[in-house]
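The values are calculated or read from the model by the stated rules, or taken from the named source; none is laboratory data. If you're wondering where the values come from, they're calculated on a predicted model, not measured in any experiment. Note that each Cβ is placed from the backbone with ideal geometry, even for glycine, and that neighbours are counted across all protein chains shown. Keep in mind that these areas ignore ligands, DNA and RNA; they rest on the heavy atoms of the full protein, side chains included. Shrake-Rupley method; radii C 1.70, N 1.55, O 1.52, S 1.80 Å.
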Amino acid sequence: MIATDISAISSETCQGILQEVFGYPQFRGPQQAIVEHVANGGDALVLMPTGGGKSLCYQIPAIARQRAGLGVALVISPLIALMHDQVGALHEAGVSAEFLNSTLSGEEAYQIEQRLLRGDITCLYAAPERVTNPRFLALLDSLYERNQLSLFAIDEAHCVSQWGHDFRPEYRALTVLHERYAGVPRVALTATADDLTRADIVERLQLQDAQAFVSSFDRPNIRYTIVEKREAVQQLLRFIEREHEGDAGIVYCQSRKKVEGVAQTLVNAGIRALPYHAGLDSRVRQDHQNRFLREEGVVMVATIAFGMGIDKPDVRFVAHLDMPKNIEGYYQETGRAGRDGLPAYAWMGYGLQDVVNQRRMIDESPAGEEFKQALRGKLDALLGLAEATDCRRVRLLAYFGEQLGDGPTYRCQNCDNCLNPPDIWDGTDAARKLLSTIYRIQQSSGMSFGAGHVMDIVRGKTTEKVTQHGHTALSTFGLGADFSEIQLRGVLRQLIAMGAVAVDAEAFNTLKLTEQSRAVLRGEVPVQLRESVSAPASRSKTKRPGAGSAVVKAPIALDGEGLVRYAALKAWRAEVAREHNLPAYVIFHDATLAAIAKRAPQTLDDLQGISGIGAKKLEAYAQEVLRVVNLG
Ligand code: ADP
Ligand code: ZN
């Protein structure tokens, strides 16, 4: 049995490990409370946004308990493709870690098992399917019998829930851990914030008695921007060229075909873009993922098949070219930007077509009506966010039940609406003209038409189709000649979002009135819109691949010499990373290199106290760093 009355692991011990092993001066947010609770044998449910620092919440307890003679921590992670890097990062910090998964040979796995039994390993990573494997359970049994099983960490715990977006049935089997190994503390961690998923995790993993640690889900370093789509890919190009030259980023698209097309467009513009989607060969996918993690400044153009567990800290932007299904998805995906806490951007383009597509997908899905209604509600919340004229962050967090500052009137000053408050115009009149046109067409011909045609009538355009159907004779013909097409599109989008216009997917996306149309027609429901800011013209310059990649951007202000040192350090880091077959950020973060470049250290002592340099890294790299700094 587990000895529960071990002498308590103190606050100082945990703080000491943070400093010595990871080189960080302070815990972040609730990390300290979690670490101390788990290190002392408590069960915990940790809900923390991406980038919040979940890993330390089990790694430090694992180290502390190993040092107290309690054996190995088992870390369950669903991401075999990433285990190598996770373990590599611990090795760099001087922690004895290994993984057991299907990529190892029998001999390699045997060696690790032997080391486990000898008590040589602090953190063992394994995929959830292992724990139903009898051989693996026998191994755990023998560790348990000798009090050498110190902790279970269940990462990405939302995978246990059907409500999460990454359901993994194997997670359901993890209850065996606490049934078979009573007394071994468990910590489950996730960045999925919604109540349904949380409740499911607690129930499925039987964590009713675990202490829940719920962090703020705010990501203050991420700047949210949502723009109306015109020529979406050109808008994206401008965004990347203006703000993100040479930066790593992720661009999400809905379809595989679009992923391929957008990646090609970016490559043609001289950006190092790679495609990623489930239709690609798994080796190609793995290769692209590795290049994204290991090379600098790669832009991954992907479907949502890409991203879970990607712990690259310096993703500087996440762009959505198509609107996601709901705010949960949007937040999860944008959350992959800026895990290092440095400024990062979330950019989304959305338009009428997105609204139509998403509605149609829901309508056409085979799900029951109640479920569809729930999906529509979630979509509406996202549309509300997109159309919002007030602070995006306030809206996002309110969706997850969190209030920022004094609530609705709070201004974060780091979203498009706070930085450039949009003008608002009253679209009620335009809305009524559109709705009565739809009504009159229906009345006169018994037919329905799509958005383009309806807008042509309102604007009084005598297109072939308008003339052919005699629609110049409608009493609303030309009544809205003052409105631009962009304005009318905006109004229609909002009417569809409000449910005041329905799109008939089975009849060529034609528009129909609904129950809710009446209230708008009567002027009872106002239609408020953001003024469309006309987008500045595109820079026509196209660059050849590789051109312009010499820009050095540091995360903190550096003078000329500092920048030279920073560039030299980055080049050195790239070499080390290649030798170790690890992503560069595992060696040192950009912020750490920039801090070194700024300080221009001459001696070992000068390196002390720079965040991100733990004892092992100091020992392994200090001489090299000093040499590079002084050459630079
Ligand atoms: P999560 O798994 O919650 O998304 P990670 O554990 O990957 O987050 O941590 C995000 C980043 O923050 C990592 O690069 C990590 O090194 C860094 N980090 C975590 N805790 C601290 C801390 N206390 N001080 C400084 N950096 C930290
Ligand atoms: Zn704001």
Need the failing condition index for LEU379 against (1) within 13 Å of ligand 2 (Cβ to nearest atom); (2) part of a helix (DSSP H, G or I), just the number. (1)
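Would it be correct to say that THR175 is part of a helix (DSSP H, G or I), open to solvent by less than 30 Å² (accessible area, probe 1.4 Å) and in contact (Cβ under 8 Å) with a residue 12 or more places away in the chain? Let's see the steps before the verdict.
Numbers: part of a helix (DSSP H, G or I): yes; open to solvent by less than 30 Å² (accessible area, probe 1.4 Å): yes; in contact (Cβ under 8 Å) with a residue 12 or more places away in the chain: yes.
Judged against the criteria, THR175 is a match.
For ILE327, are the conditions met, namely being under 27 Å from GLY53 (Cα atoms) and in contact with a Leu (Cβ under 6 Å, 6 or more places away or on another chain)?
On the way: under 27 Å from GLY53 (Cα atoms): yes; in contact with a Leu (Cβ under 6 Å, 6 or more places away or on another chain): yes.
Taking the combined requirement at face value, the residue satisfies it.
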Can you tell me which residue within the range 382-414, out of those that are without any contact (Cβ under 8 Å) to a residue 40 or more places away in the chain and in a helix (DSSP H, G or I), is surrounded by the most Cβ atoms within 10 Å (Cβ to Cβ)? VAL394
Name the residues in the range 604-630 that are open to solvent by 20 Å² or more (accessible area, probe 1.4 Å) and within 25 Å of ARG28 (Cα to Cα), would you? ASP606, GLN608, GLY609, SER611, ILE613, ALA615, LYS616, LYS617, LEU618
Looking for something of a type in the set (Ser, Thr, Tyr) and within 16 Å of ligand 2 (Cβ to nearest atom) - is there at least one such residue anywhere in the range 452-464? no
Being open to solvent by less than 60 Å² (accessible area, probe 1.4 Å) and at pLDDT 85 or above is true for just one of SER532, SER517, SER538. Which residue is that? SER517
Checked the range 127-166 for anything closer than 27 Å to GLU328 by Cα and either within 16 Å of ligand 2 (Cβ to nearest atom) or surrounded by fewer than 16 Cβ atoms within 10 Å (Cβ to Cβ) (or both); matches are GLN162
Just to be sure, is SER215 modelled with pLDDT under 95 and within 21 Å of the chain's Cα centre (by Cα)? yes
Would you be able to tell me the number of residues in the range 387-422 that are under 23 Å from LYS229 (Cα atoms) and more than 14 Å from ligand 2 (Cβ to nearest atom)? 1
Show the residue pairs meeting these rules: Cβ distance below 8 Å; 6+ apart or different chains; first residue within the range 447-464 and over 12 Å from THR510 (Cα atoms) and touching a residue at least 24 places away in the same chain (Cβ under 8 Å); second residue aliphatic (A, V, I, L, M) and crowded, with 19+ Cβ neighbours inside 10 Å. MET455/LEU434; MET455/LEU488; MET455/LEU492; VAL458/ALA430; VAL458/LEU434; VAL458/LEU479; VAL458/LEU488; ARG459/LEU488
Taking the range 570-603 and keeping residues more than 16 Å from GLU295 (Cα to Cα) and either small (Gly, Ala, Ser) or open to solvent by 20 Å² or more (accessible area, probe 1.4 Å) (or both) leaves ALA591, ALA594, ALA595, ALA597, LYS598, ARG599, ALA600, GLN602, THR603
For residues that are crowded, with 17+ Cβ neighbours inside 10 Å and in contact with a Lys or Arg (Cβ under 6 Å, 6 or more places away or on another chain), tally how many sit in the range 418-447. 1
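Conditions (1) over 19 Å from VAL491 (Cβ atoms); (2) assigned to a helix (DSSP H, G or I); (3) of a type in the set (S, T, N, Q), marked per residue:
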residue	(1), (2), (3)
LEU434	no, yes, no
ILE441	no, yes, no
MET455	no, yes, no
LYS461	no, no, no
LYS465	yes, yes, no
Evaluation of ILE250 against (1) open to solvent by 60 Å² or more (accessible area, probe 1.4 Å); (2) outside any helix (DSSP H, G or I) (one fails), failing number: (1)
When you scan the range 232-244, do you find a residue that is part of a loop (DSSP other than H, G, I, E, B) and under 30 Å from LEU352 (Cβ atoms), even just one? yes
Unmet criterion (only one of (1) assigned to a helix (DSSP H, G or I); (2) open to solvent by 40 Å² or more (accessible area, probe 1.4 Å); (3) more than 20 Å from ASP354 (Cα to Cα)) for GLN487: (3)
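So that you can scan it fast, the table gives a plain yes or no per residue for (1) over 34 Å from the mean Cα position of the chain (by Cα); (2) in a helix (DSSP H, G or I):
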{"site": "LEU104", "(1), (2)": "no, no"}
{"site": "TYR110", "(1), (2)": "yes, yes"}
{"site": "GLU113", "(1), (2)": "yes, yes"}
{"site": "LEU116", "(1), (2)": "yes, yes"}
{"site": "GLY119", "(1), (2)": "yes, no"}
{"site": "HIS158", "(1), (2)": "no, yes"}
